[in-house]
């Protein structure tokens, strides 16, 4: 009897905590969502708006559709006040840039990082300390020479320049994570392949890589999330042409000031890929976040 | 590998050199034309109040955020231990904040803490006066710390949750059989077994918190005045907004060297854990 009572109390505690988690974790996202649905007149309220009084999808449309088209279609009345709440440019460029840079950077990092990780795992080549130590340095402190270097070869504010950085910055992460996946393959597997007459590069591409397929996918998604969330690098390197979503969020200004609704709408759009990928690799999150130190 | 190490050294050497000049793009367009000052900028690092205060503030943020996040995350992981109906759902919700792009999260927290935002609305409903969160240094700290806790507690929760799940059950059951109380078992049996994951979680979170940038940048812009400016923000502002390349390069080198040493020692236990030592 006493045992049962204790169990019930335990369960109640669990649910109280669970509800607390749901509230605290989701409230900021709820707020972002409501802001994204509010028309411009409700952005800076005269009292607290707990929910949008006149919900509209206009903010999401303005993200993608140019000002002129919005006015042509009569979605916003052409009055001066309403005109002022439209941004000078759409967010399409930043979304496309973010997709190209995050994906491309991930592929570069994976391509170089995986080979390095295999070398470290199998041949104990070089010191692997440097890789993770590099990851712990604040990126802003490394950006100064990169800006100098990029300005001399005209890579500032360009997609190739950003691609290079998004490939290099997360590489230590790839090396460490993939190394932990390669370490999971027993060396006997390699030896067996070598005895059967495979060359070391063949062992890498035909034996080792297929065995870490899952790990490779997880690492790829991790790097994508890292690049996708980056603000510091993009803020320093890009101004106009190569801006990414996090930079664009800060840039949404019109003649009236900050366009809170648009910022929130873009924030919601930006959550979709990371949330989707994050949930897809939920099983591996711990391993990825701890650089493979906890198997999870 | 040697080539890679060497390539990685070039930017650092360049920064080191620029740190010894008075280079600013508005004076001379090329860094090699700038006046050579010798170690002057490096010596000036010491009495630079903005720089030193930014370091102090970053350390203060870390010193508050990391322990709170750890305690909350660990508590949550402990409460959620074992299987119960709806656990999957709660865990799923709990890790959502980590997936939000920090720039967007920062903006949302700014909107939540403004005068007519929901936080003040809630305070008013509960019968308190509105607090000018982002206008007063003390409250701006509270707001930024809350945002950081919101985003990074899930990180600790995940690590400690995985660690608790991986605990061997025999010693715990044995302690119960021997008549130990729940608290006593937790303190003398469970906690010692959690030493390694605790170290890993704390190290990773601490090192990461030294980089704090997105939240203060989006929420206060370092204000009021410079009072919430972190070291990353200071380097960004001084270097890339006010274009003081020379001194900023010197400060970057100081930060890089410090963090490289910290990082080097932080990596050791991580690697040991990875190897299962």
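Laboratory data are not the source of any read-out in this text; all were calculated from the coordinates shown. Owing to the predicted nature of the structure, the values given are computational and were not obtained by experimental measurement. Every residue, glycine among them, receives a Cβ derived from its backbone with ideal geometry; neighbour counts consider all protein chains shown.
One table, with the values for the structure above:
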{"quantity": "Hydrodynamic radius of the range B:49-243 per Kirkwood, over alpha carbon pairs, in Å", "calculated": "18.8 Å"}
{"quantity": "Relative packing of peptides B:67-73, A:186-192 - highest average C-beta neighbours within 10 Å first", "calculated": "B:67-73, A:186-192"}
{"quantity": "Between 0 and 90°, nearest 10: helix A:171-183 axis offset from chain A longest Cα axis", "calculated": "40 degrees"}
{"quantity": "With Cα atoms, 0 to 90° folded angle of helix B:137-165 axis to chain B main axis", "calculated": "50 degrees"}
{"quantity": "Residue among A:272, A:142, A:12 with the largest mean-square fluctuation in a Gaussian network model of chain A, springs linking Cα atoms under 10 Å", "calculated": "A:12"}
{"quantity": "Alpha-carbon centroid distance for the pair the range A:1-70 / the range B:147-211, whole angstrom", "calculated": "30 Å"}
{"quantity": "For A:270-276, mean number of other protein chain Cβ atoms within 10 Å", "calculated": "4"}
{"quantity": "Length-normalised contact order of the range B:49-243 in % [C-alpha pairs under 8 Å, at least 6 apart]", "calculated": "37 percent"}
{"quantity": "Exposure proxy order (Cβ contacts within 10 Å, fewest to most) of B:96, A:247", "calculated": "B:96, A:247"}
{"quantity": "Computed [θ] at 222 nm, helices only, for chain B once each DSSP H run of length n ≥ 4 contributes -39500 (n - 2.57)", "calculated": "-21000 deg cm²/dmol"}
{"quantity": "Relative contact order of the range A:2-83, defined on C-alpha pairs under 8 angstrom at six or more residues apart (%)", "calculated": "18 percent"}
{"quantity": "Residue-averaged beta-carbon neighbours from other chains (10 angstrom radius) around A:234-242", "calculated": "1"}
{"quantity": "Burial order of peptide ranges A:155-165, B:76-86 (average beta-carbon count within 10 Å, highest first)", "calculated": "A:155-165, B:76-86"}
{"quantity": "Alpha carbon Rg of chain A, scaled by the compact-globule rule 2.2 N^0.38 Å", "calculated": "1.27"}
{"quantity": "Residue B:36-residue B:268 FRET efficiency (beta carbon distance; Förster radius 51 Å; 0.05 resolution)", "calculated": "0.85"}
{"quantity": "Per-residue [θ]222 nm for chain A (sum of -39500 (n - 2.57) over DSSP H runs n ≥ 4, rounded to 500)", "calculated": "-21000 deg cm²/dmol"}
{"quantity": "Most mobile of B:93, B:64, B:144 in a GNM of chain B (Cα contacts under 10 Å)", "calculated": "B:93"}
{"quantity": "Least to most buried among B:177, B:136, A:286 (fewest other Cβ within 10 Å first)", "calculated": "B:177, B:136, A:286"}
{"quantity": "Using alpha-carbon coordinates, inclination of helix A:260-280 to the longest axis of chain A, degrees", "calculated": "30 degrees"}
{"quantity": "Residues B:237, A:253, B:170, sorted so that the one with the fewest Cβ neighbours within 10 Å comes first", "calculated": "B:170, A:253, B:237"}
{"quantity": "Shielding by other protein chains, A:12-23, mean Cβ within 10 Å", "calculated": "5"}
{"quantity": "Where labels lie 7 Å past Cα in the beta-carbon direction, separation of residue A:67 and residue B:165 in nm", "calculated": "5.1 nm"}
{"quantity": "Relative contact order [Cα under 8 Å, 6+ residues apart], chain A, whole percent", "calculated": "27 percent"}
